[in-house]
Each structure stands twice: as C-alpha cells, then as structure tokens.
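In what follows, a single structure is set out as structure tokens and then discussed.
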Amino acid sequence: MKISIIGLGKLGSPMAAVMAHKGHKVVGVDLNATFVDRINQGQAPVNEPGLQELIEANRERLSATTSYEEAILATDLTFIIVPTPSDADGRFSMRYVLAAAEKIGAALRVKKDWHLVVLSSTVMPGSAEGVLLPALEEYSGKKCGPDFGLSYNPEFIALGSVVRDMLRPDMILIGEYDARCGAILEELYTGVCESKPRINRMNFVNAELTKLSVNTFVTTKISYANMLAQVCETLPGADVDVVTSAIGCDTRIGQKYLKGAMGYGGPCFPRDNVAFSALARANGVPALLAEATDAMNRRQVPRLGDLILSNLPEGGTAGILGLSYKPNTEVIEESQGVALARYLLEAGVHVVVYDPAAMDNSRQQLNGRVEFAASATECAGKADVLAITTPWAEFRTLTPFDLKAGSRPVVLDCWRLLSRDAFGAVASYISLGAGRDAVPVREPAAAMVDAE
C-alpha cells in the first residue's frame, strides 16, 4: 500500500519505518522541517531502539515532506498521529487533530480517488464520529463513505519498545465507519504484524472507549501492586514479589504490570486515567476506582520522599538513580524520579542524580538545583541515601564498593535490582515491598499529598 503518516514524532516515525520495512511505500508529513530532513537523510528524528536501523534499511520506500497535499495525493491512506494534550478538565484536546484535518480535507478536495483517513491519536469517546468526521467533510466538500473513509486505530505501545510493539502487538483495534474501511486496515496489519494478533473491529465509540479503558485498567493494576507493597512493608517477613508472583499465576490476573515498586508515569498512563475519570463524571457515573488509582499513584513520591528524609543524616546528600519514567527512553514526562528530586529539593536536601538517557531533558527542569553525576557509580559514591527509581539494566552492575565510603549509607532499592545480602553487609538496604522492623514507612501528611 501507499501510506502517508501525519506526525513524525515518537510514534509516527517508528510507524513509518515499520510500514516501509514491511514493503509499503511511506510518505511522512511533519511541520518540523528538521524531522523531515532527517528522514530524507536516512536518520531517525527521535531516539527509539531499532528505529535508526529500520530507516537505514528502507530508505528507498521512505520519504518525508512538509506538504500535506503532496503526501495525500501520492498515497492511498493517511494515519494521523499528532498530540492530543490534556485540557484543564482532564479531557483530551482535539486542536492538533483538527488542524491536521483542515489540511487533509483541503488535499482530499482536489483528489479524485477514494482515500482512507485513520486517526491513531488517543481521543475521548465520540471524537472520531462527532468531531473529526464532520471536520473532514467540511474541509473536503465530500462525504464520508462514498468519497473517503475514516477509521480509528490507536496503537498499544510503550516508549523504549515501540518498534517491537508495532511488529508484535497483542491485538489490533479498529474502529470503522464501514466495513470497507475496516477491511483495508485488517489487510494491512495481517501483513505487517509478525505475532498474528487478534484483530478487533467495531464502531468508533467502542474503539475509543477500549483504548482508554486498557490504560486505565493497567494503572489500576499497578496501583494495586503498590498498595500491596505498602501492606507487605508493615508485616515482618512479607515480600511483595513473592505474593505478586503467586497472584499472577492466576490466569484471571496475570503477571504483567503486577510489580509493587514506584508509581506509574509517562505521557499516557497518568493522563489516560484522569481522562477516564472526567468521562465518567461527565456522564453521571462515579469514577471511584479510577480516582482511587490516581490518588494512590500520587502518594508514591511523598511516601518515598519521607522515607528518604527519615534516614538522611543532617546535611546529608540524597542520590537518585533514574530520571526517565521507564528504562530505554529519555522521556521524563510524569517521571517519578524527577518528581522525587523536586520533593527533596523543597525539603532543602542536596540531591545528586544520574540517568543513562534522560540527563539532557532533566537539566531543562532541574538545572541549577541538583548535582548531575557523570555515572551511576559517581552518584552512588556521593549519596548518604541512594534511591533507585528507574529499573535500568545498568544499575544492576553496581557493587557495594561503589557506595559512599566512610559511613554506612542507606540503599533504597525500589525495584529490587541489587543483592540484599551483598549490599546489606555494608549499607542499610531497604527494599520497597518487603517487611522490615528497623525502618518504618511514614505516611506523608495530607497537605503534602494534596500539594503533590
């Protein structure tokens, strides 16, 4: 197929490369001329594992332009992957989608052939049919169905594994205007996906609600595991990893995302949960579970911050290993590590930080306020209390000899990456989710929770 992709950011660029890799001719569109130039030069415009290799290997089928009309006239279907930022009430804004729709509609107005438009951005239920469809009809002067098609087809991916997730998804979700639109996407993904996923075809509103519900359910699972971890910390001998490993054997529950550790972050989970709550309230439905999930997540940074403060000597240094919201990405949006640094700074603590990928992004938010270490070992060697907030594989290589000398530091291993026996011999080793007698976990004051 001949495919155009509007938006060459962290999802659009990998999708363009994956589609080209599977033999399709792809034209990317972005208003950022730098992104366009990089694609045309065979360079990845964003950092994502495996992306550069795919772009280099498929340059003959992959190009980019700033012209919507050029891309749409040269292709058969167009994916829209632009931001849908959260409004003040938590709902997703359609302003960038509508800006793209205006340009797509103008191109469709002059195009003679039928064309499929596919919205992949996360939106509120009712947006595809109630907002995007009438906008496309208005700007194109044509009717959806006979003149062009429309589908809603969000991706289920995670930053740091976008290429893999697109090639081997658990499922494909298609919201379709009619059977013709859905059949085209089903044919496309049957050839692209290597995992032979189940393809779920449905109407627009069911697909929009499914996308929002998946992330809301996952965040509920994460917050449950974190609640369980707190309970385990109060019971001598209890271990959240042992409990969740057993719980996850039940096929009704499963192992994925059942890890009592830090709260969730990133560009999707926090805002999707809030958006689901806003949707429920707007329709007169109590959003108790989604609101409780969000409240539990917001407690994690103050909880961890207070645990650090209770173990920090006067004038001591707190070390934070991990600023990206998850491993294998430089993204710090809603990062627990960055939020923890801010919390400790507000308490007047000297903070030293390190992350394998997110140092540049973190400097934009924390520069002049924290000390940036050059390595994990340098950070560990300066900290009186060291917290591991992101489970980067690199942090597993730390040894007890990397810790601050001349004292007995505290190691707060939020993800249980290190050996309790090895580090416990030279430091006070605290594992989140494990019962202990010596170091109680203080709950943060209500004002602190509200402020966070």
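The values are calculated or read from the model by the stated rules, or taken from the named source; none is laboratory data. Here the structure is a predicted model, which means the values were calculated and not measured. In this analysis, Cβ positions are derived from the backbone assuming ideal geometry, glycine residues included, and neighbour counts consider all displayed protein chains. Note: areas computed on protein heavy atoms with side chains; ligands, DNA, RNA excluded. Shrake-Rupley method; radii C 1.70, N 1.55, O 1.52, S 1.80 Å.
Here are a few things to note about the model shown:
- Within the stretch 140-191, the set of residues being farther than 18 Å from D113 by Cα and in a strand (DSSP E or B) comprises Y152, M171, I172, L173, I174, G175, E176.
Conditions (1) open to solvent by 40 Å² or more (accessible area, probe 1.4 Å); (2) not aliphatic (A, V, I, L, M), marked per residue:
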| site | (1), (2) |
| --- | --- |
| D250 | yes, yes |
| Q255 | yes, yes |
| K259 | yes, yes |
| G266 | no, yes |
| F269 | no, yes |
| F276 | yes, yes |
| A282 | yes, no |
| A287 | no, no |
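- Residue check for E330: at positive phi, of a type outside the set (G, A, S) and in contact (Cβ under 8 Å) with a residue 12 or more places away in the chain: no
- Number of the exception - D178 against (1) at pLDDT 95 or above; (2) crowded, with 16+ Cβ neighbours inside 10 Å: (2)
- Residue that is farthest from N283 (Cα to Cα) [pool: residues in the stretch 188-198 that are buried (at least 16 other Cβ atoms within 10 Å of the Cβ) and out of contact with any Leu (no Cβ under 7 Å at 6 or more places or on another chain)]: V192
- Matching residues, the stretch 404-434, being in a loop (DSSP other than H, G, I, E, B) and open to solvent by 10 Å² or more (accessible area, probe 1.4 Å): K404, A405, G406, S407, R408, W415, R416, L417, L418, S419, A425, V426
- Residue within the stretch 114-126 that is closer than 30 Å to C193 by Cα, open to solvent by 50 Å² or more (accessible area, probe 1.4 Å) and assigned to a loop (DSSP other than H, G, I, E, B) present: no
- V110 being buried (at least 20 other Cβ atoms within 10 Å of the Cβ) and out of contact with any His (no Cβ under 8 Å at 6 or more places or on another chain): no
- Once the stretch 14-28 is narrowed to residues that are in a helix (DSSP H, G or I) and out of contact with any strand residue (DSSP E or B) (no Cβ under 7 Å at 6 or more places or on another chain), the residue that is surrounded by the most Cβ atoms within 10 Å (Cβ to Cβ) is P14.
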